[in-house]
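Here is the structure we will look at, set down as structure tokens.
Bear in mind that the values in this text are calculations on the coordinates, not laboratory data. None of these values were measured; they are calculated from a predicted model. Backbone-built Cβ (ideal geometry, glycine too); neighbour counts: all protein chains shown.
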Amino acid sequence: MKKVVNAWREDMLGIQSKTLIKITLFLFCLIPSVYALSMIRSSWNPYAKTNMRRLPIAFVNDDQGVYSHGKNINIGNDIAKDLKRNPSVGWKFVNYWQGNNGLTNGKYYALIQIPSDFSQRITTTTSDNPQQVVLTYQINQKLNAAATKLSSEVESDLSEQVRQKLVHTQTKLIIKKMNSFSDVLS
């Protein structure tokens, strides 16, 4: 054991006197540190909201609209206009075939589709037979785990936006219906 300790001590004393060895050891310590810092920086907080604008998400608006209470209503177009003004997500406005094909081929991380009877179903809230409004949402889970998580967040944000739009539209329809009843009663 003494021989090992003595050999180590001699090596350390030899290193102190040689500049080239000092530079080599310094570089051996510096290069992995620089690499580690760059890798940590690139993967730091992959679920940040700022990363959502880099995610291509297909948006398909098949809503046909409806004529109700003397007014044309197309909630799908209103939602699409709002999304076009929202640069925080990489929305790609496509038809159903392009969206489904892109989702299958890995071009898009998710597909959100507004069905053709979307506005018609919304207007049924003031009728005797209200119908549930449905959005189709598909995720390409095989591409990237972080993207799957971010796509889910986009879906929940969009659902909240649609919910607000529905409440606004339904409130207008209910008020119009109540006004028509008050005109009949007067």
Under a 5 Å amide H to amide H cut-off, with H placed in plane at 1.01 Å, what residues pair with TRP91 once short-range neighbours are removed? ILE57
If the only charges are +1 at each Lys and Arg Cβ and -1 at each Asp and Glu Cβ, what is the size of the charge dipole of region 2-42 around the Cα centre, to the nearest 20 debye? 100
Of all DSSP beta bridges located in region 55-185, what percent are antiparallel, nearest 5? 45
Separation between the VAL134 and VAL4 pseudo-spin-labels, each 7 Å from Cα along Cα→Cβ, expressed in nm? 7.1
In terms of Cα to Cα distance under 19 Å, which aspartates and glutamates are near enough to LYS2, apart from those fewer than 8 places away along the same chain? GLU10, ASP11
Projected label distance in nm at ARG54 and ILE31, using a 7 Å step from Cα toward the beta-carbon: 2.7
In nm, to one decimal, how far is the GLN98 label point from the GLN170 one, both placed 7 Å along Cα→Cβ? 3.2
With θ set to phi - 60° and the Karplus curve 6.51 cos²θ - 1.76 cosθ + 1.60, what are the ³J(HN,Hα) couplings of region 154-161 in order, to the nearest whole Hz, using x for Gly and Pro? 4, 4, 5, 5, 5, 4, 5, 5
